[in-house]
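Encoded as structure tokens, the structure appears first; notes follow it.
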Amino acid sequence: MSTYPVSDNDEERIQILNAFELMDTPPEHEFDQIVQMASRIFDVPIVLISLVHRDRQFFKARVGLAVCETGRDVSFCNHAIMGRDVFLILDALQDERFRSNALVVGAPHIRFYAGAPLVTATGHMLGSLCLIDNKPREIFSERDQLVLQDLAVIVIEKMELRRLELKNEDSLTRFMNITSTSPDAIICSNSKNQITSWNNSAELIFGHRSEDAVGKTLDIIIPQEMRSRHHAGFSRVVSGGPTSIIGKSVNLTALHRDGHKIPIELSLSQWTEAGEAQVGAIIRDVTKRVAAEKLLKHAAEYDHLTGLANRSTLKQRIKEACDAQIAAAILLIDLDGFKDVNDTLGHAAGDFVLRVTSSRLRKRVPTCHMVARLGGDEFVVFMAEIADEHKAIELGLALIALIEEPIEFQDNSIYIGASIGVSMRSGADYDGEQMLGNADLALYQAKSDGRSLVRMFTSEHRHTASKRGALSSSMRQAWANKEFELYYQPQVRLADGVITGAEALIRWNHPTLGVMSPAVFLPVLEAGLLAVPVGEWILRSACEQAAHWRNIGCDGFRIGVNLFAAQFRTRDFAETVESALNDFSLPASALELEITENIILRNEQRIMEPLRYLRSLGVGIAFDDFGTGYASLSLLKDYPVTRLKIDRSFVSGVERSKKDEVIIEAVVRLAAGFNLQVTAEGIETREQESLMRHYLCEEGQGYLYGRPMTAHEFTERYVSMTDDNLTYPIINNPQLPEQGF
């Protein structure tokens, strides 16, 4: 009993396959070209032309695979020949039919497979043209499937043509029998260039009836401008002279009866009959194929969504400029806020934004320069023969202003921004890959500096990136080795000096350097892939510690936790917070999440819903570093904020600057109007404390009360036990020693 599907007419199918005489034959250039082209078009490492025989499959052409055949029992292509549509497996490990297949669990580790059956004119499935990747895919579009089927048609046409050529070599009689049923035009002529045979397909392709064509010269299907070349070549063939086209397929242009030109594929054969040279031609109208190849070429060189040049075309253009030593500039453009469009309005809106953006870029960038889409929301402007960096920056600023114009989609006005990195090279100091890399580093700097900016690459960017990469690698190791630790800084009620809670702060306990300041590693951590898992660890660890202090008697103790922007990009952020509260039985009111204005501005659409939900549970929302951002006031009315934390820069200067006093007084009054609590950060002296109390700040935090410390130190210093209960110390009681940190 077979372990794989077999059609009812499998033996008949195998006989048809045998007739093609392709099994176990050496590679042939025409088939190899197709698999190589398919590999480039679909960006897959493995492409095969598989012929499925009785108990095995043979690869007539292959790229990316060393073996030339496998057993039929493990063949994906055996499944592909069971129907006429493309057989598609997006992830073999998720498919019960293939997850234990030897080609999945072992080399070549197939995860993605797409196979278009090779269908003969009689409807028999001989095998497939298949794409294979060791990585799964989320989608293989209908357009991709149609292109793959078109390529499969070309393969079967090549197979049919090869079979016909073999039969022509066998005998002229068999050749003549084929002419009446062949879908190709089959035309014979004598040594005088006169047509002696003209089949039905020739009538259909060229418009001349057989009785009108026979006896005429071949000139009736040859365009005027090509006739002199034809006469010379024909004379050479019939005289036995050297020729390079006999037995080969060549692409030419022919003439229809009504005068229009037809792209054809021509194969010639020559023999002698009754002592006279005869010439036979198999001609195929390849109009549809030429159109398909143009479509494929366009698909391989241009982005299907925007119509802009794609990555491969851009790199070729850059290489040409490099080879010619032409001065040039690259503007690497990344859209700001695009992901929010997809998340809130859907991918249809996102695609619309990309098309509008590409149209704006095309209209603004001079036609002598190339505009390309790298993928996602990244675009590139390549400016050849430009050595003036001011022109590049000027164009970049103009493009940002253009992109920031509102985009109307259905009933929505969509606002996005853009950041641009620029790199330039001239003369011999020029390398395409390096230029793109440099532009990417400059783009990173533009985003770090606040977005909606243009930054020109400098050598310092590469040095910074190298340090950042080394630090990121070290942090991954630190995370694995559990070198991160939470420190806690007390927060004090200014009216009576009682501790109300603490802010949890991450520290890196480096094995050789000791405890590292967050200023050294926090920016890299926040921008990297560790932000989400480390952020969740901070949240859960802080909740667990706060629950412990409350359980031993610290009623009303509140823990403050800072958030990374990346945490809001996860769809389950609110659920993560709620889970931490439930797991450690911590009341929602005992947790205060601290967010900065930058987090809000970068996640404006997605941040609102989870914050409102958490606030409905009772979680506090503190606006950290308040007063340092330009949009703070407008954000207060929209976000569920419960506390403002006055930035330390205002508190530390309050003894010397009247302006700082005015700002603090204004913030406190503003908070009162919004019914918000206020915490002053960075209090270091009794005078600062007195001034904050004077301005009615409810709480304070700073070195006057204690530096950030471990949970153990915090417990020993600030949590005291009595026989009856646990109490907080009064930090500013004169009887207590002042904290001299």
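The values are calculated or read from the model by the stated rules, or taken from the named source; none is laboratory data. These numbers come from a predicted model, not from an experiment. So basically every Cβ, Gly included, is an ideal-geometry build from the backbone, and we count neighbours across all protein chains shown.
Quick one: which residue in A321, A254 is over 30 Å from G376 (Cβ atoms), of a type in the set (A, V, I, L, M, F, W, C) and within 46 Å of the chain's Cα centre (by Cα)? Quick ask: steps written out before the conclusion?
Numbers: A321 fails: over 30 Å from G376 (Cβ atoms).
After applying the criteria, what remains is A254.
Within region 285-294, is there a residue that is assigned to a helix (DSSP H, G or I), among the hydroxyl-bearing types (S, T, Y) and under 30 Å from I187 (Cα atoms)?
Yes, that holds for at least one residue.
Do we find a residue being assigned by TED's automatic domain parsing to the domain that holds T357, assigned to a strand (DSSP E or B) and either touching a Gly at 6+ places or on another chain (Cβ under 7 Å) or modelled with pLDDT of 85 or more (or both) anywhere in region 317-328?
Yes: one or more hits.
Mind listing whichever residues of region 191-224 are at positive phi and polar (S, T, N, Q)?
Within region 191-224, N193 is the sole residue that qualifies.
Check whether at least one residue in region 392-403 is out of contact with any Cys (no Cβ under 8 Å at 6 or more places or on another chain), on the phi < 0 side of the Ramachandran plot, loosely packed, with under 15 Cβ neighbours inside 10 Å and acidic (D, E), and report yes or no.
Yes - at least one qualifying residue is present in region 392-403.
Go through region 358-397 and report how many residues are outside any helix (DSSP H, G or I) and over 23 Å from E320 (Cα atoms).
Selection size over region 358-397: 2.
So how many residues does region 1-27 have that are part of a loop (DSSP other than H, G, I, E, B), touching a residue at least 40 places away in the same chain (Cβ under 8 Å) and touching a strand residue (DSSP E or B) at 6+ places or on another chain (Cβ under 9 Å)?
Number of matching residues: 3.
Which ranges mark the strands (runs of 3 or more DSSP E) fully within region 474-566 that have 3 or more residues being over 21 Å from A622 (Cβ atoms) and touching a strand residue (DSSP E or B) at 6+ places or on another chain (Cβ under 9 Å)?
499-510
For F379, work out the one condition from (1) farther than 21 Å from L436 by Cα; (2) within 22 Å of the chain's Cα centre (by Cα); (3) touching a residue at least 40 places away in the same chain (Cβ under 8 Å) it doesn't fulfil.
Checking F379 against (1) farther than 21 Å from L436 by Cα; (2) within 22 Å of the chain's Cα centre (by Cα); (3) touching a residue at least 40 places away in the same chain (Cβ under 8 Å), the one that fails is (1).
Any residue at all in region 570-588 that's touching a residue at least 24 places away in the same chain (Cβ under 8 Å), in the same structural domain as Y613 (by TED's automatic domain parsing) and of a type in the set (K, R)?
No, the conditions are met nowhere in region 570-588.
For region 361-376, which residues satisfy the criterion of being surrounded by fewer than 16 Cβ atoms within 10 Å (Cβ to Cβ) and over 19 Å from the mean Cα position of the chain (by Cα)?
R362, K363, R364, P366, T367, C368
Within region 247-270, how many residues are farther than 13 Å from I186 by Cβ and in contact with a Phe, Trp or Tyr (Cβ under 9 Å, 6 or more places away or on another chain)?
Number satisfying all stated conditions: 5.
Since L295 meets every condition but one in (1) within 25 Å of D150 (Cβ to Cβ); (2) in contact (Cβ under 8 Å) with a residue 40 or more places away in the chain; (3) buried (at least 16 other Cβ atoms within 10 Å of the Cβ), which condition does it not meet?
Failing condition for L295: (3).
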